[in-house]
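Participant: Handing you a structure now.
The values are calculated or read from the model by the stated rules, or taken from the named source; none is laboratory data. Please read all numbers here as calculations on a predicted model, not as lab measurements. Virtual Cβ from ideal backbone geometry, glycine too; neighbours counted across all protein chains shown.
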Amino acid sequence: MKIIHLSYSDIRGGAARATYRIHCALRNQNIDSKMLVNKSKLNDSNILRPSNKIEKIFTELRPRITKYLLVKYLKTGNPIIHSPSFLPSSWINYINNSDNDIVHLHWVQGELISIADIAKIKKPIVWTVQDMWIFCGAEHYTEDYRWREGYLDNNRPSHESGFDLNRWTWKRKKKHWKQPIQIVAPSRWLAECITNSKLLSRWPTSIIPNTINTDFWIPIDKKTARQKLNLPIDKKIILFGAIEGEKDPRKGFDLLKKSLEYLKNNLSNSDIELVVFGKSRKKLDSKFSFSSHYMGHIDDDEYLRLLYCSSDLVLIPSKQDNLPNVGLEAHACAIPIVAYNVGGLSDIIEHKNTGYLAKPFIIEDFARGINWVLENNLSLNLGKNARKKAMTIFSEKIISKAYMNIYNQVLKDKTK
């Protein structure tokens, strides 16, 4: 069986990394898997990308065209990326003329392929979704609920004005997507959103978590990890990833600051220090309540693994999230997590077994969760339980088998 994965990038961004890991999991099970991307960082012969200078220039221009022709005319209080996906795709003929058995769509925005061209794919399709875009308008995440009712003239949120890009994009999806596609949602939350959506409620939807290589993401002696990273040996270290810093309100940066202030003033002693990765101090406007170490942006997985293993717990204060890679990576390294009980985080964290799920969005409970994990991690084997969860739920062998079942079923349905 031959699989071609469509993804805007190979490893740039969380959705791309999740896609690449699925691709690798399949190849590690001797399945013929390739990726087709517009942006690539890896030197991998199984990744197809624009091959000449003209194609590369056009690839760079496509998302800019939509931004300046369409997106800028939408006035919205939602700062998350918006994707119209309306430019004709240069990839569609290659896809249809290839000998691949399955076309596996992932994060295909950034004008990788248009809404209309998705309907032109002649081969069996599986679509793994990493955010809300597939059933929304142009938004990738939203707290509004037009996706439940349909994007009507009379239900536009008060924080929007100007060109109704979201309604225009949603109506194009409704127009072109007449035939249901097999959807895979990595979390129960996202699957529930899909089944409750006006657009896709009749589409077949399965839940398959994202995967993690549990042979690479492994526990490392904490003292050794800290020595290699020049972190204090005798402190309790809490770890937070700030890839977008304060720019993405969905990630709960404001809630984290308040929780740490409460922790410092009411529950904590001086033994705690904070480690932040993804941004340097210069790129974060805010100061934290605890002594902090800023590790900057990290592209090296070996370095990132050391960082997880040096910590006592990982913080994920997201207001909305699907199945963040940070959660899978931390648990595979035997590190417990404190997060709010929202989105797909409850699919990763088992409350008081592999970490702590705080009540949304009670900053005091999040702070109590940090304190509880630090006090009970060793006695309740939270880290060991987290590692076991990663190996039994998210391992490559398990996830690749689940996808093979989906592929076989789609091929079987296509021949009926």
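Participant: Which condition breaks for ASN405 when tested against (1) in contact (Cβ under 8 Å) with a residue 40 or more places away in the chain; (2) within 24 Å of the chain's Cα centre (by Cα); (3) not assigned by TED's automatic domain parsing to the domain that holds ARG250?
Facilitator: (1)
Participant: Sticking with this structure for a sec: List the number of the failed condition for LYS251; all other conditions in (1) basic (Lys, Arg); (2) surrounded by fewer than 20 Cβ atoms within 10 Å (Cβ to Cβ); (3) not assigned by TED's automatic domain parsing to the domain that holds ILE113 hold.
Facilitator: (2)
Participant: Just to be sure, is PRO79 in a loop (DSSP other than H, G, I, E, B), more than 19 Å from HIS176 (Cα to Cα), touching a helix residue (DSSP H, G or I) at 6+ places or on another chain (Cβ under 7 Å) and free of Cβ contacts under 8 Å to residues at least 60 places away in the same chain?
Facilitator: no
Participant: Tell me, please, whether a residue that is touching a residue at least 12 places away in the same chain (Cβ under 8 Å) and surrounded by fewer than 21 Cβ atoms within 10 Å (Cβ to Cβ) can be found in the stretch 331-340.
Facilitator: No - not one qualifying residue is present in the stretch 331-340.
Participant: Looking at the stretch 227-238, which of its residues are more than 18 Å from VAL373 (Cβ to Cβ) and surrounded by 12 or more Cβ atoms within 10 Å (Cβ to Cβ)?
Facilitator: Scanning the stretch 227-238 gives GLN227, LYS228, LEU229, LEU231, PRO232.
Participant: May I ask you to say which residue of SER51, SER89, SER83 is at pLDDT below 90 and surrounded by 21 or more Cβ atoms within 10 Å (Cβ to Cβ)?
Facilitator: Checking each option against the conditions leaves just SER89.
Participant: Suppose we filter the stretch 378-416 for residues that are under 19 Å from LEU345 (Cα atoms) and assigned to a loop (DSSP other than H, G, I, E, B); how many remain?
Facilitator: Total meeting the criteria: 1.
Participant: Only residues that are more than 16 Å from ILE393 (Cα to Cα), touching a Phe, Trp or Tyr at 6+ places or on another chain (Cβ under 6 Å) and either without any contact (Cβ under 8 Å) to a residue 60 or more places away in the chain or crowded, with 24+ Cβ neighbours inside 10 Å (or both): list them for the stretch 317-330, please.
Facilitator: Passing the criteria: none in range.
Participant: Out of the residues in the stretch 291-320 meeting the condition of being within 12 Å of GLY241 (Cβ to Cβ) and in a loop (DSSP other than H, G, I, E, B), tell me which one is nearest to the chain's Cα centre (by Cα).
Facilitator: Looking at the filtered set, the residue picked out is SER318.
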